[in-house]
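My structure is below; once you've seen it, I'll send some questions.
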Amino acid sequence: MTTLTDTAAVPFHRTLRAEWIKFRTLRSTWYTLAGLFVLGIGIAALAMDPAAASYRDATAAERLDWDPTALSLRAFMLAQLVVGVLGILVVTSEYATGMMRTSLAATPRRHRLLAAKAVLIAGVALVVGQVLMFAAFFVGQALLASYDVPNASLGDPGVLSAVAGSGLYLTAIALLAAGLGVILRATAGALAILVAVIFLVPAFAELFPSWTQGLLDYWPTVTGTAVTATVADPDFPHPWFNVGGMCLGIAAVLVAAFVLFRRRDV
Amino acid sequence: MTTIAIRGLTKRYGPETAVDDLSFTVEPGQVTGFLGPNGAGKSTTMKMILGLAAPTRGTVTIGGRRYADLPVPLTEVGALLDAGAVHGARKARDHLLALAVSNGLPKRRVDEALARTGLEGVADKRAGGFSLGMRQRLGIAAALLGDPRVLIFDEPVNGLDPEGIRWVRDFMRSLAREGRSVLVSSHLMNEMALTADHLVVIGKGRLIADTGMGEFMRSNGKGTVLVRTAEPDAFAPLLTAAGAAVREGVESSLVVSGMDGGEIGKLAAYHGIALSELTPQQASLEDAFMELTQDSIEYQGAGA
Ligand SMILES: Nc1ncnc2c1ncn2[C@@H]1O[C@H](COP(=O)(O)OP(=O)(O)OP(=O)(O)O)[C@@H](O)[C@H]1O
Ligand SMILES: [Mg+2]
């Protein structure tokens, strides 16, 4: 019998490429991505008409808060759910089908396998998130211009960082979702937690005790909203600081995911 | 030479012990049949070999190394634990390609594995639409990708039609002939009799037998002899007097144990009794297996 490769361990980029093949050879991947763009750009487009109307009705004082950039980036709210589904499925679809056992037999170093999955989903979300948020920005601004209300261009102060920041925010959410997928090992459970985190907790924030309010400044969706703003918000003087805090929280979830992934039987 | 060495392997699930201090060795160049009734711990043992489940105690090594320490695992061990362990929405070829790439294997290995398992025709179909037999073949193709020296199959003939069973059996034999170590689990003794060179029998997680197939047949397949004569009523007492145990078989035949065919023939000739048939019977291996494991059957059928 001949050996097909030398005895050196398989390099990481091969593990990563295998994950990419698994990702791109599922039709559901492409349907989800198509859905993401339709939803994301569609919302950005549809929201501009009522936004323009509210500008026309606004008082001079209210017009000081007019933030066309943030309005066109509002689509991140739903986009984060779709990106999250993608992140969850990279992990849980393998548990649901039993594929995880086959993957781990081929790559028994568990941290390596999970790292490849994390790099893959982060890379995909980074590209997709940036393309989506830039597209939403340009579509939104073009529509605002056509409605004859003030609009933003990339060169305006704070605009580039808001657009790029919202794309990066989506990347962080994709990683959070993948971590939840590992911890819960089931699509439904991970999705329920993700929805609770990104929608329910911010929506019911007033109901929580006051000592949690500080924590909420670093909560997903809250930080996403803060980072898309180009008009200074006194509550979030440094939105990137809040995003950084959120990333620390997500890193903690990922650490838990890595620990559990190594320790659990499959 | 790559052997699988299992030493003192134990796996507990809560209070239940699925595998209990199990030790045996899977040698190259032969098919080792891994037998046991439902729930005996076969699949759990195989999962521990592959590092999918962590042993509570004990070790498993493949050529002296833990599975997780193999630098390119698919080139050393190929395994089919569960034919369902594929993503049904992925095409067979893509499934194999991802596995090959993950171990740095050349793309041509995918085509070779597809060819060896006769799956070329359906390579671009989604695995979810495969019949059970095709899925078993896909699992075997995945196991063969890296041309490994050790192969592990968990009930590969489960759900296959007679043709598929025969194909798998011949396939296992040819893999062993090529010098590989082949470990195959089953709960069908008769199937193993045709496939395995060596037998490891477990029950309730414990080792019951670890023996060559031939030796197992000799010691457990205690022969009886079927005797047919025109005068069974006259011959039966003579056999009993000579020390044999006799019971009536079908169509007024006699089933004799404790004497071999030659002795029975001589006895008949001595007493001038004409025999029309004298056939040694192999005791059913299934019976031997049942006897061996009857104390350790976890889920006894009601009224059995
Ligand atoms: N993940 C698990 N959690 C709890 N108990 C388990 C788990 N996996 C297996 N067991 C138990 O361990 C025992 C051995 O199971 P195993 O699947 O290894 O048996 P088996 O010999 O493969 O049986 P079969 O012939 O039915 O496939 C059984 O009692 C089973 O219920
Ligand atoms: Mg089993």
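When the scattering of chain B is computed by the Debye formula from its Cα atoms alone, each counted once and equally, what is log10 I(q)/I(0) at q = 0.16 Å⁻¹?
Those come out to -1.22, one per q.
While we're on this one: If the reach is capped at under 19 angstrom between alpha carbons, list the lysines near A:Lys22, excluding any in the same chain fewer than eight residues apart.
A:Lys117, B:Lys91, B:Lys107, B:Lys125
Can you tell me the accessible area per residue over the range A:9-263, all protein chains present, probe 1.4 angstrom, in square angstrom? Present the calculation step by step, with values, prior to reporting the outcome.
Values: 11180 Å² over 255 residues.
With all protein chains present, the range A:9-263 gives 44 Å² per residue.
Per 0.36 nm of contour for each residue apart, how much would the distance between B:Gln294 and B:Glu27 grow if the chain were fully extended, relative to their Cα-Cα spacing? It would help to have the intermediate numbers written out before the result.
Values: separation 267, 0.36 × 267 = 96.12 nm, distance 2.76 nm.
Taking 0.36 nm per residue and subtracting the Cα distance, the gain is 93.4 nm.
Within 10 Å, at most 15 other Cβ atoms, and a DSSP state outside H, G, I, E, B define an exposed site. Report the longest part of chain B free of exposed GluC sites (Glu not before Pro). Walk me through the numbers on the way to the answer.
Numbers: sites that count: B:Glu178, B:Glu298.
It runs B:1-177.
Where is the GNM fluctuation largest for chain B (alpha-carbon springs, 10 angstrom cutoff): B:Gly36, B:Gly243, B:Gly78?
Result: B:Gly243 has the largest fluctuation of those listed.
Another one. So if we plug the beta-carbon distance of B:Arg57 and B:Gln281 into 1/(1 + (r/R0)^6) with R0 = 41 Å, what FRET efficiency do we get, rounded to 0.05?
Values: r = 44 Å, r/R0 = 1.07.
Between B:Arg57 and B:Gln281 the formula returns 0.40.
Of all beta bridges DSSP finds with both residues in chain B, what is the antiparallel percent, to the nearest 5? Please report the intermediate quantities before stating the final value.
Numbers: 34 of 53 bridges.
Around 65 percent antiparallel, to the nearest 5.
Here's a follow-up. For the range A:9-263, with the dipole built from +1 on Lys and Arg beta-carbon atoms and -1 on Asp and Glu ones, taken about the Cα centre, which of A:Leu184, A:Thr102, A:Pro239 lies farthest toward the positive end?
Working it through, the farthest residue towards the positive pole turns out to be A:Thr102.
Within 10 Å of each Cβ of A:92-103, how many other protein chain Cβ atoms are there on average? Please list the in-between numbers first.
Details: counts 0, 3, 2, 0, 2, 9, 8, 9, 3, 8, 14, 5.
That works out to 5 on average.
Could I ask something else about it? Below 8 Å between Cα atoms, with a sequence gap of 6+, how large is the relative contact order for the range A:9-263 in percent? If you can, show how the numbers build up before the last one.
Details: 311 pairs, mean separation 67.1, N = 255.
After rounding, I find 26 percent.
Now a separate question. Arranged from highest to lowest average of other beta-carbon atoms within 10 Å per residue, in what order do the peptides B:38-45, A:68-75 appear?
Going by the mean number of other Cβ atoms within 10 Å, highest first, we get A:68-75, B:38-45.
Also, I was wondering about something else. Ordering B:Arg247, A:Arg14 from largest to smallest accessible area (1.4 angstrom probe), what's the sequence?
Working: B:Arg247 145, A:Arg14 80 Å².
Largest accessible area first, the residues go B:Arg247, A:Arg14.
If you count the DSSP beta bridges with both ends in the protein assembly as shown, what percent of them are antiparallel, to the nearest 5? Can you show the working numbers first?
Working: 34 of 53 bridges.
Counting DSSP beta bridges with both partners in the protein assembly as shown, the antiparallel share is about 65 percent.
Give the carbon-plus-sulfur fraction of the accessible surface of the range A:9-263 in %, rounded to a whole number; probe 1.4 Å, heavy atoms of protein chains only. Display every interim value, and only then the final one.
Working: 7950 of 11180 Å².
For the range A:9-263, the apolar C and S fraction of the accessible surface comes to 71 percent.
Still on this model: Could you tell me which trypsin sites (Lys or Arg not before Pro) in the range B:120-161 are loop residues by DSSP with no more than 15 other beta carbons within 10 angstrom of their beta carbon? Don't skip to the answer; put the middle values down first.
Numbers: sites: B:Lys125, B:Arg126, B:Arg135, B:Arg137, B:Arg149; in loops: B:Lys125, B:Arg149.
Sites meeting the loop and neighbour criteria: B:Lys125.
Quick check: with the 1.4 Å probe, what order do A:His111, B:His198 take by accessible area, largest first? Working shown, then result.
Numbers: A:His111 60, B:His198 35 Å².
The ranking, largest first, comes out as A:His111, B:His198.
Another question about this same structure. For A:Arg262, what accessible surface area do you get with a 1.4 Å probe? Give it in Å², rounded to 10.
So the heavy atoms of A:Arg262 present about 140 Å² to solvent.
Further question on the same structure: B:Glu215 versus A:Ala192, label points 7 Å from Cα toward the beta carbon: distance in nm?
Taking the two extended label points, one gets 5.5 nm.
Okay, next question. Take peptide A:24-36, look around each residue's Cβ out to 10 angstrom, count Cβ atoms belonging to other protein chains, and average those counts. Working shown, then result.
Details: counts 2, 10, 6, 3, 2, 1, 0, 0, 0, 0, 0, 0, 0.
Averaged over the peptide's residues, the number is 2.
Let me ask another. Computing the accessible area with a 1.4 Å probe over protein heavy atoms, can you report the carbon and sulfur percentage for chain B?
50 percent
Quick one: length gained pulling A:Ala53 to A:Asp265 fully straight, 0.36 nm per residue minus the C-alpha distance? Don't skip to the answer; put the middle values down first.
On the way: separation 212, 0.36 × 212 = 76.32 nm, distance 5.71 nm.
Computed gain between A:Ala53 and A:Asp265 is 70.6 nm.
Could you work out the mean count of beta carbons from other protein chains within 10 Å of each residue's beta carbon in B:102-113? Display every interim value, and only then the final one.
On the way: counts 15, 8, 12, 5, 2, 0, 1, 1, 0, 0, 0, 0.
Counting Cβ atoms of other protein chains within 10 Å of each residue's Cβ and averaging gives 4.
Using just the helices of chain B, give the 222 nm mean residue ellipticity in deg cm²/dmol: DSSP H runs with n ≥ 4 each add -39,500 (n - 2.57), and the total is spread over all residues, rounded to 500. Walk me through the intermediate numbers first.
Values: 10 runs with 101 residues, N = 304.
Calculated mean residue ellipticity at 222 nm is -10000 deg cm²/dmol.
The values are calculated or read from the model by the stated rules, or taken from the named source; none is laboratory data. This is a predicted model, so every value here is computed, not measured. As a convention, Cβ positions derive from the backbone with ideal geometry for all residues, glycine included, and neighbour counts pool all protein chains shown. Ligands, DNA and RNA are stripped out before the accessible areas are found, and what is left, the full protein with its side chains, is counted by its heavy atoms. Shrake-Rupley method; radii C 1.70, N 1.55, O 1.52, S 1.80 Å.
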